[in-house]
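Asker: Sharing a structure below in structure tokens format, with a few things to ask.
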Amino acid sequence: MTDTTHLALPCIDAAQAQKHVTHNEALVLLDAVTQLSVIERRASPPASPIDGDRYLVVATAAGAFAGKEQKVAVRLGGAWAFLAPKAGWLAFVEAEQRMLLCDGSAWIDAGLALRELAALSLLGVGTTADAVNPLSVKASAALFAARTTAEGGAGDFRVKLEKETAANTASQLYQSNWSGRAETGLLGDDDFHVKVSADGTIWREALIVDRSTGRVAFPNGMGDGASLAFRNRLRNAAFAINQRAVSGTVSLAAGQYGHDGVKAGASGASYTFATSGLDTTLSLSAGSLILPIEAQLMEGGSYVLAHDGSAQARVWQGAGYSGSGSYATASRSAPLLVFGLTANAQTNVEFSGGSVLRPQLEPGVYATSFERRPPGVELSMCQRYFQALLVSHLFTATAGTQFGGSVMTLPAMMFGTPTLSALSGGVQTNVLMDGLNTMGKGAVRYFMASTAAGSVEAYNRAFTASAEI
């Protein structure tokens with residue numbers, strides 16, 4: 001009698017008597033291995049087996065299972081029969097709810113047998129994949145672990161996101177209720193970006209790392225939202241300093257100053273202003289207003305201008321008040337970018353028509369939150385160009401005698417040698433202003449003469465020192 005090649009089923013010989021015995025034996029074995037399902041994996045027989053029960057024998061086998069490791073034990077006719085598996089057999093282990101595969105020498109998890117999957121069009125884990133998301137996973141957690149050196153790996157693990165060109169995007173998008181809230185990666189260029197959104201529609205850049213220098217930019221500020229210190233190249237950008245005490249409707253001739261750091265353009269200017277909270281808004285009804293920046297504050301290169309008013313703006317370089325170039329929007333949401341500015345050159349921000357509120361010109365191409373400097377610092381910056389001062393002196397008079405050599409140090413070293421202008425008013429008892437001159441950029445000298453003799457005379461008079469650009 002011979003057996004079949006793969007399942008070792010007994011064959012009926014020619015002229016064999018009681019053929020039904022051989023035939024039935026083959027059917028029983030075929031029944032045992034077809035759609036193979038075993039109760040569990042065991043090293044020894046169960047105490048009360050039932051005919052038809054099947055088990056996978058595992059090491060170290062004992063009792064009736066001794067020496068039968070890796071075989072399928074089948075209870076038939078009150079005795080154990082053992083089937084030797086061939087490579088490719090599948091067996092479902094009911095106790096583990098797991099499918100096993102025989103690789104020719106041992107039973108392994110059938111899932112581990114799928115070592116190579118190539119050119120798949122869709123793969124869904126816990127969900128259905130589609131054309132938009134051909135790889136889709138819906139689960140409570142996912143693990144990616146490095147293959148250890150003991151397992152033949154290097155112990156390292158990297159996830160690679162590749163894009164075609166610099167203008168494309170390679171990113172990780174984080175969503176809440178299917179709406180984007182944060183995104184990291186190479187977003188439209190080869191710099192590293194981190195941006196966030198409150199609604200999935202309007203996005204704000206939180207961090208940008210320059211790919212060439214590694215320099216980190218914070219387009220919307222750091223920490224509590226305050227921008228990096230002294231980024232704004234404009235002085236008195238909150239328009240809180242008003243040493244000239246302009247009021248009402250301010251009408252200026254070309255090049256004339258109103259608020260500190262604000263002068264009229266080539267056609268003059270007419271504006272009003274109103275203060276709310278910490279900021280003052282200038283409302284320009286005619287002409288243009290220029291906010292000049294001295295050359296030493298300009299590093300050159302790219303700059304961005306933004307403000308919270310409605311006026312359009314332009315940025316140009318040069319002295320005086322006759323600007324050039326077209327006006328454009330310079331809002332917080334659509335800032336004005338200026339490229340190729342020359343270093344160490346006077347630069348001017350000019351507004352035309354509308355309101356001007358919290359303007360800021362800063363290096364780079366990302367507009368940050370408005371920089372609010374301490375009032376004392378802002379005043380000192382303004383006094384570099386214009387100062388309102390008071391001369392006060394008390395002396396014993398001699399008629400017709402000139403008193404000279406009285407020197408007053410200015411509160412701030414000025415941009416240039418100041419032009420001095422005396423203002424009317426003040427207490428002047430029998431005293432005439434006989435002379436007033438400068439001593440460089442940081443001090444002034446004044447001279448006086450008395451018209452009366454033998455008395456204590458007082459002199460108290462205001463004047464201005466101006467070194468505007």
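Asker: Can you compute 3J(HN,Hα) from phi for each residue in the stretch 296-301, using the Karplus curve 6.51 cos²θ - 1.76 cosθ + 1.60 with θ = phi - 60°, rounded to whole Hz and x for Gly and Pro?
Answerer: 5, 8, 10, 7, x, x
Asker: How large a share of the accessible area of the stretch 87-209, in percent, is made up of carbon and sulfur atoms when the probe is 1.4 Å and the other protein chains stay in place?
Answerer: Result for the stretch 87-209: 54 percent of the exposed heavy-atom area is carbon or sulfur.
Asker: Would you kindly derive the ³J(HN,Hα) couplings of the stretch 135-146 from the backbone phi angles with the Karplus curve 6.51 cos²θ - 1.76 cosθ + 1.60 (θ = phi - 60°), listing them in order in whole Hz, with x for Gly and Pro?
Answerer: Result, ordered by residue: 10, 10, 10, 10, 7, 7, 6, 9, 10, 10, 10, 6 Hz.
Asker: Run the reach check for residue 71 against lysines, Cα to Cα strictly under 17 Å, same-chain hits fewer than 8 apart removed. What comes back?
Answerer: 86
Asker: Moving to a separate point now. What lysines sit close enough to residue 441 to cross-link, taking a C-alpha to C-alpha distance under 28 Å and skipping anything fewer than 8 places away on the same chain?
Answerer: 263
Asker: Please list, in chain and number order, the residues 5+ apart from residue 286 or on another chain whose amide H is under 5 Å from its amide H, with Hs placed from the backbone.
Answerer: 270
Asker: In terms of modelled amide H atoms, which long-range or inter-chain residues lie less than 5 Å from the amide H of residue 53?
Answerer: Correct list: 75.
Asker: Taking square-rooted eigenvalues a ≥ b ≥ c of the alpha carbon gyration tensor, is the stretch 32-82 rounded, prolate or oblate, where a/c under 1.5 means rounded and, failing that, a/b exceeding b/c means prolate?
Answerer: oblate
Asker: While we're here: Considering the Cα trace of the stretch 146-214, what is its radius of gyration and what is Dmax, both in angstroms?
Answerer: 15.8, 49
Asker: Once phi is turned into ³J(HN,Hα) by the Karplus curve 6.51 cos²θ - 1.76 cosθ + 1.60 with θ = phi - 60°, what whole-Hz value does each residue of the stretch 95-102 show in order, with x for glycine and proline?
Answerer: Result, rounded to whole Hz: 5, 10, 6, 9, 9, 10, 10, 8.
Asker: Only Cα pairs under 8 Å and at least 6 apart count here; give the relative contact order of the stretch 193-327 as a rounded whole percent.
Answerer: 15 percent
Asker: OK, next. Find the centroid of the Cα atoms in the stretch 300-329 and in the stretch 108-163, then give the distance between the two in whole Å.
Answerer: When both Cα centres are located, 53 Å separates them.
Asker: What are the residues whose amide H is under 5 Å from the amide H of residue 254, where those residues sit 5 or more places off or on another chain and H is modelled from the backbone?
Answerer: 268
Asker: Going 7 Å from the Cα of residue 135 toward and past its Cβ, which residues in the stretch 158-180 have a backbone nitrogen under 19 Å from where you end up?
Answerer: Inside the label zone: 158-165, 169-175.
Asker: Find the relative contact order for the stretch 74-144 and round it to a whole percent, using C-alpha pairs within less than 8 Å whose residues are 6+ positions apart.
Answerer: That works out to 15 percent.
Asker: Now, a different point. What relative contact order, as a whole-number percentage, does the stretch 120-238 give when Cα pairs under 8 Å and 6 or more residues apart are counted?
Answerer: Answer for the stretch 120-238 is 10 percent.
Asker: Under the Kirkwood approximation applied to all pairs of distinct alpha-carbon atoms, what is the hydrodynamic radius of the stretch 91-166 in Å?
Answerer: One decimal place: 16.2 Å for the Kirkwood radius.
The values are calculated or read from the model by the stated rules, or taken from the named source; none is laboratory data. Quantities reported herein were computed from a predicted structural model and do not represent experimental measurements. Reconstructed Cβ throughout: ideal geometry from the backbone, glycine too, with neighbour counts over all protein chains shown. Protein only, heavy atoms only, side chains kept; ligands, DNA and RNA dropped before computing areas. Shrake-Rupley method; radii C 1.70, N 1.55, O 1.52, S 1.80 Å.
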